[in-house]
Amino acid sequence: MKITLIPERCIACGLCQTYSDLFDYHDNGIVRFYDDPNLLERDVPASEELLEAVKQCPTRALIKD
Ligand code: SF4
């Protein structure tokens, strides 16, 4: 599935990484992918953890397609 980050919506709550190590944070706490700070979307295997991270993000800064 495709995961898209919308950094403008992220409030740096730190929740998504508690569900999936796919997510990490810039120094200011805004979400990024763990292995590429510049990428904003990517295809990844679907998993319960990822679905939960997307679902729990309070500002819908994580989108799945
Ligand atoms: S759960 Fe959402 S708001 Fe919180 S750090 Fe992750 S992307 Fe940002």
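What about Leu62, is it out of contact with any helix residue (DSSP H, G or I) (no Cβ under 6 Å at 6 or more places or on another chain) and either of a type outside the set (Ser, Thr, Tyr) or open to solvent by less than 60 Å² (accessible area, probe 1.4 Å) (or both)?
When the stated conditions are applied, Leu62 does not pass them.
Being under 11 Å from Pro7 (Cα atoms) and among the aliphatic types (A, V, I, L, M) is the filter; apply it to the stretch 22-35 and report the residue that is farthest from the ligand (Cβ to nearest atom).
Ile30
Suppose we keep only residues that are outside any loop (DSSP other than H, G, I, E, B) and open to solvent by 90 Å² or more (accessible area, probe 1.4 Å) within the stretch 1-21. Which one would you say is nearest to the ligand (Cβ to nearest atom)?
Arg9
Of all residues in the stretch 36-58, how many are outside any helix (DSSP H, G or I) and either surrounded by 13 or more Cβ atoms within 10 Å (Cβ to Cβ) or more than 9 Å from the ligand (Cβ to nearest atom) (or both)? I'd like the intermediate steps shown before the answer.
Of the residues in the stretch 36-58, the ones outside any helix (DSSP H, G or I) are 36-47, 57-58.
Filter once more, keeping what is either surrounded by 13 or more Cβ atoms within 10 Å (Cβ to Cβ) or more than 9 Å from the ligand (Cβ to nearest atom) (or both): 36-47, 57.
Residues that pass the stated criteria total 13.
The values are calculated or read from the model by the stated rules, or taken from the named source; none is laboratory data. Predicted, not measured: the structure shown is a model, and the values here were computed from it. Every residue, glycine among them, receives a Cβ derived from its backbone with ideal geometry; neighbour counts consider all protein chains shown. The area values use the complete protein model at the heavy-atom level, side chains included, leaving out ligands, DNA and RNA. Shrake-Rupley method; radii C 1.70, N 1.55, O 1.52, S 1.80 Å.
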